[in-house]
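Remarks on the structure that follows.
The values are calculated or read from the model by the stated rules, or taken from the named source; none is laboratory data. Bear in mind that the values here come from a model prediction, so they are computed numbers and not experimental data. Note: ideal-geometry Cβ built from the backbone for every residue, glycine included; neighbour counts use all protein chains shown.
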């Protein structure tokens, strides 16, 4: 099974200061038979019900999307993570992520199912009381009721807690009256259940709470009106409406969790949403790679298929490498979360509490993956259009729709800029709470910079050079983040440009190490010769990352340091990103050759 809590997992953020062994992580090649069968069922569902009618879905044919969710519910795809006693399959987090990946290739349908099973269902599943869970979850798990999530407002996007929607308790104390406006509400056009965030106002004093509260609102409560469907760049088949609450009367028993706990609910549900978005984006990216390879094999120019040309092979190889890297990190983190969940349950926490705390511990990694997954998908789609050439710009090609649909993912679940800054903020907060010791190792790196560099013996083992490079990437993070924190203190939060550079170093470091560990574990399972292409992708990504990290580190240091301090840190940036020479053209040829032979993403 994917779930094995016996192995000591890294705590959130500890990847920066602790080494992981390949055997400590989970890799996709370890999916068991049941997980592969569930994934195959999800794939067949897309083949039979979604890919055959994408134009009808994008035209928003009346009733089509809800009917697809009904069919998905009949197969159990809406209840993968729902406990069996509430009508679901009760599968672990890794299995949930696998299904999310597969359905991520479903264009607008993937948005609808992700919203329903994620932000639509999970607030009630994890924060609802027993009565609320029993009333709502079984019908959400089957698709009898469709769900949506009402947080964003015209003046409250990233700053969600500034929302103006209000809830006032009636004189008899039996209902809350909700008034306000929500926008960009996915599934809004057909939802039966809305999780609505509002600030409770004291009817006598008019004083509102500092923090949001959350309410389970049924469409039949009345007082709910909808604007017409939004006209969007992509995901055109996804229902996106503004929702207005005009004296909407909600029973007091539909307050979700405690008063004032809404912001915490929103944050924790978004942590789950971020890593799931990475999984969905990965599924979409792999589908585009398949299209790209097939078209490159079929398209003839100058008397031969364009897949025979080096420029096209380079694009195919880079597409595959990015997918392999994001996949490695996504399932590494998913299993770390699963282990934390199982450990918490063993300590007496119920499933909902364990899942929330387990995921929360890896909030920084979830933000990293949200950025990486969405940017991988955007990159792969852009290169897919380029491989198709003029045909890629035609609505008749599958990559045109993929290109448009991909763009929202860098905005969903918090913009990538917000998630970059959250990555650093969450790591520093864990440090300040004593949950993560970054400052000790950062001081050690700073002291090391003042000494004579060690000349370690060459590591002749598989990917020995890349092991050294990843270890040095971590030192680059500690040097830059530690230096910025020491120099700027609490003012660091205002230096967003510096935070963004630090985040990019952290992201590349996490992805590089995850990929390295996966490939080393694969080598132990199959032998070096059987995974030549995976070794090539690992080398390619880590060596490219070295150049990027040097640039990010240099720019960050120049933002906050000067004089001798700046000079020493710039030397450190160069030292920690030193790479050996590599024939990247040959690596890319080897990666692409296998793709071309198999006509798909084969890794």
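Among (1) under 30 Å from residue 323 (Cβ atoms); (2) out of contact with any helix residue (DSSP H, G or I) (no Cβ under 7 Å at 6 or more places or on another chain); (3) without any contact (Cβ under 8 Å) to a residue 40 or more places away in the chain, which single condition is residue 459 missing?
That leaves (2) as the condition not met.
Assuming residue 197 fulfils every condition listed in (1) touching a residue at least 60 places away in the same chain (Cβ under 8 Å); (2) in contact with a helix residue (DSSP H, G or I) (Cβ under 9 Å, 6 or more places away or on another chain); (3) over 15 Å from residue 242 (Cα atoms); (4) part of a strand (DSSP E or B) apart from one, which condition is it?
Residue 197 satisfies every listed condition except (3).
Is it the case that the stretch 355-362 has a residue that's at pLDDT below 95, more than 20 Å from residue 26 (Cα to Cα), within 23 Å of the chain's Cα centre (by Cα) and buried (at least 20 other Cβ atoms within 10 Å of the Cβ)?
Within the stretch 355-362, one or more residues are at pLDDT below 95, more than 20 Å from residue 26 (Cα to Cα), within 23 Å of the chain's Cα centre (by Cα) and buried (at least 20 other Cβ atoms within 10 Å of the Cβ).
Conditions tested, residue by residue: (1) surrounded by 18 or more Cβ atoms within 10 Å (Cβ to Cβ); (2) within 11 Å of residue 556 (Cβ to Cβ); (3) out of contact with any helix residue (DSSP H, G or I) (no Cβ under 6 Å at 6 or more places or on another chain).
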position	(1), (2), (3)
480	yes, yes, no
493	no, no, yes
502	yes, yes, no
509	yes, no, no
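Among the candidates 120, 76, which residue alone is buried (at least 22 other Cβ atoms within 10 Å of the Cβ), closer than 23 Å to residue 239 by Cα and at pLDDT 95 or above? So that I can check it myself, show each step before the final result.
Details: 76 fails: buried (at least 22 other Cβ atoms within 10 Å of the Cβ).
Criteria check complete, one pass: 120.
List the pairs whose first member sits in the stretch 298-325 and is touching a residue at least 60 places away in the same chain (Cβ under 8 Å) and on the phi > 0 side of the Ramachandran plot, whose second member is surrounded by fewer than 23 Cβ atoms within 10 Å (Cβ to Cβ) and assigned to a strand (DSSP E or B), and whose Cβ atoms are under 9 Å apart, counting only residues at least 6 apart or on separate chains?
Every condition considered, no pair remains.
Scan the stretch 150-162 and give yes if some residue there is crowded, with 22+ Cβ neighbours inside 10 Å, at pLDDT 95 or above and under 30 Å from residue 88 (Cα atoms), otherwise no. Outline the logic, then answer.
Initial filter on the stretch 150-162 (crowded, with 22+ Cβ neighbours inside 10 Å): 150-151.
Applying the additional criterion that residues be at pLDDT 95 or above yields 150-151.
Right, trim to under 30 Å from residue 88 (Cα atoms) and you get 150-151.
For the stretch 150-162, residues crowded, with 22+ Cβ neighbours inside 10 Å, at pLDDT 95 or above and under 30 Å from residue 88 (Cα atoms): present.
Residue by residue through the stretch 52-62, note down the ones that are free of Cβ contacts under 8 Å to residues at least 24 places away in the same chain and either under 25 Å from the mean Cα position of the chain (by Cα) or not in a helix (DSSP H, G or I) (or both).
61, 62
Filter the stretch 528-566 down to the residues that are closer than 21 Å to residue 497 by Cβ and more than 32 Å from the chain's Cα centre (by Cα), then identify the one that is surrounded by the most Cβ atoms within 10 Å (Cβ to Cβ).
Ranking the candidates gives 561 first.
Just name the residue that is farthest from residue 93 (Cα to Cα) out of those in the stretch 363-388 that are surrounded by fewer than 24 Cβ atoms within 10 Å (Cβ to Cβ) and under 17 Å from the mean Cα position of the chain (by Cα).
379
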